[in-house]
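Input: a single structure, listed below in structure tokens.
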Amino acid sequence: MDSITEWLTSETAIKKSKKGYAHFDQRTDISKCRLYISNPNSVAKHGFYPFIHYEKIIKKYHKNSGKKIKVRDICYAAHIDRCIYQLYSHILNELYNKEIKRLEISSVPVAYRTDLGISNIQIAKHAFDFIKQSSPCNVMIGDFTGFFDNLNHEYLKARWCNLLGVEYLPNDHYAVFKNITKYSKWELSDIYKINGLENNNSGWKQLNSMNRVLSKKQFQDNRSQITKNTNPFGIPQGSPISAILANLYMIDIDKIIHDIVKSIGGIYMRYSDDFIIVIPQSNPNFSMNVINKINCIFNSIDGLTLEPSKTQYYIFSDGQIINCGQQFTNKNDAIKTTIDFLGFSFDGSKITIRSKTISKYYYRMYSKAKTITKNKGYTKNGKKISKENLYKRYSIRGAYCKKGNFLSYVERAKASFGSKKNIDKNTKYHMQKINKALKK
């Protein structure tokens, strides 16, 4: 049995391909369509449906700056299209994993890997341990502006061809490439209007109870609402194949940066569009020159632009973190003196879960508690609201359930970093805060 057949018949792949939402086609999954999607000729001729697009409003809360609103574009694929994207994501992942081993850069990409076998907690611990062991050292934390929205199509296609070892993409791969780059989309809000539904939770439930979001006639009569990405850049974030394409896009640059950093005893790790570089500081001027060179290399690649406000530069020495960002750009946050990576913060002596993450946890917990208290514990129908769901999602009581919750993550972090590191200091008294919130 080859790897593709084995994957297509695996319980994990089938389960992942089953989605409850309604779309332009009827619901299907890999167990039902595997013969079709595994036939290259079928994929090459396949007519992909538009993605359905909406803006997800994410409320972020910081203890100092308060509530912030972030808008994220969400595109979700039709059922048959999603199965195709999942299969080709698997194919590319298998080849990608072999290629980064050949290039000796397996330690660099730490997101969206199917063969990594370690968690974000362990990755962050490795980075912070390396910083402490390399004192004095320079540390660069980076982030790219609108990463998925700016990926250059021709550059991506060239990386795709290199991975397959071909000059031109085979017809089936080209069909997938074409439809993930020159993708079309239909606004969810317009689909609500056509169906006479409200754009709210109730409307969402009604829409997804349907067999298809539009009848064939409604689809044909309203085709003018379909918009296409006519730019030579950008792929939809959140599609089943977007993650591997992000890693593939970075493969050459990962090799270049890794070789530079490794040659001077440092490390480079990248989680999607976030990365960390640590360089032992044998000579301050030399380290600064290396970082300047790395900045130029990143910015020389089509679609990659370092986000000034999120790219930080530090010197770690004798347990102290010094912000040296102003030496590189005047747009840098010169006040920040903690190194943040993968949801953890290092202040030079102790490691904690990022305050932003903790604030988000408490913000959601208080919002849930407020919903209960403002209704005095009763629904509109006079039924008593159970507090079980609140405790299950936001307290230690739900940490050891099958799905777990944020406190499960805290417990795993505590076990990995060691109980003496006080990782859970900001969540130790969460039960008291929940009870206090319910009494207000």
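Beta carbons closer than 6 Å, at least 6 apart along the sequence or on distinct chains, never pair a first residue in the range 1-17 that is farther than 22 Å from ALA77 by Cα with a second that is open to solvent by 60 Å² or more (accessible area, probe 1.4 Å) and aliphatic (A, V, I, L, M). Residues in the range 214-247 that are farther than 18 Å from LYS182 by Cα and under 27 Å from the mean Cα position of the chain (by Cα): ASN247 only.
Close Cβ contacts (under 7 Å, 6 or more residues apart or on different chains) running from residues in the range 276-296 that are more than 22 Å from ASP254 (Cβ to Cβ) to residues that are in a helix (DSSP H, G or I) comprise GLN281/SER287; MET288/GLN327. Within the range 81-89, one or more residues are small (Gly, Ala, Ser) and over 27 Å from LEU207 (Cα atoms). For the range 185-196, name all the residues that are open to solvent by less than 30 Å² (accessible area, probe 1.4 Å) and over 13 Å from CYS75 (Cα atoms). Selection gives ILE191, TYR192. Screening the candidates ILE91, ILE100, ILE121 for the property of being of a type in the set (A, V, I, L, M), touching a Pro at 6+ places or on another chain (Cβ under 8 Å), open to solvent by less than 40 Å² (accessible area, probe 1.4 Å) and at negative phi yields one hit, ILE100. A Cβ distance below 9 Å, combined with a sequence gap of six or more or placement on separate chains, defines the contacts here; from the range 388-399, residues that are without any contact (Cβ under 8 Å) to a residue 12 or more places away in the chain reach residues that are surrounded by fewer than 16 Cβ atoms within 10 Å (Cβ to Cβ) and of a type in the set (A, V, I, L, M, F, W, C) in the pairs ARG397/MET431. Here is the figure for the range 219-239: residues that are open to solvent by 40 Å² or more (accessible area, probe 1.4 Å) and touching a helix residue (DSSP H, G or I) at 6+ places or on another chain (Cβ under 6 Å) total 4.
Taking residues in the range 39-50 that are within 12 Å of CYS83 (Cβ to Cβ), and partners anywhere that are of a type outside the set (S, T, N, Q) and open to solvent by 60 Å² or more (accessible area, probe 1.4 Å), the pairs with Cβ atoms closer than 7 Å and at least 6 places apart or on different chains are SER42/TYR36. Of the numbered criteria (1) at pLDDT 90 or above; (2) more than 25 Å from ASN208 (Cα to Cα), the one GLY66 fails is (1). Here are the criteria: (1) within 30 Å of ASN285 (Cβ to Cβ); (2) among the aromatic types (Phe, Trp, Tyr); (3) without any contact (Cβ under 8 Å) to a residue 40 or more places away in the chain. Tell me which single one PHE144 does not satisfy. Condition not satisfied by PHE144: (3).
Looking at this structure, is ASP302 in contact (Cβ under 8 Å) with a residue 24 or more places away in the chain and under 25 Å from the mean Cα position of the chain (by Cα)? So ASP302 fits the description; yes.
The residue list ASN97, ASN93 contains one member that is free of Cβ contacts under 8 Å to residues at least 24 places away in the same chain, out of contact with any His (no Cβ under 9 Å at 6 or more places or on another chain) and not small (Gly, Ala, Ser), which is ASN97. Scanning the range 1-20 for residues that are under 30 Å from TYR192 (Cβ atoms) and surrounded by 13 or more Cβ atoms within 10 Å (Cβ to Cβ) gives LYS16, SER17, LYS18, LYS19.
Just one residue in the set LEU214, LEU248, LEU207 is farther than 21 Å from SER300 by Cα, open to solvent by less than 10 Å² (accessible area, probe 1.4 Å), of a type outside the set (Phe, Trp, Tyr) and in a helix (DSSP H, G or I); that residue is LEU207. The residues in the range 119-149 that are more than 16 Å from the chain's Cα centre (by Cα) and farther than 19 Å from ILE279 by Cβ can be counted, and the count is 2.
The values are calculated or read from the model by the stated rules, or taken from the named source; none is laboratory data. All of these numbers come straight from a predicted model, not from anything done at the bench. Glycine gets a Cβ as well: all are built from the backbone with ideal geometry, and neighbour counts include every protein chain shown. Areas reflect the complete protein model, heavy atoms only, side chains present, ligands, DNA and RNA absent. Shrake-Rupley method; radii C 1.70, N 1.55, O 1.52, S 1.80 Å.
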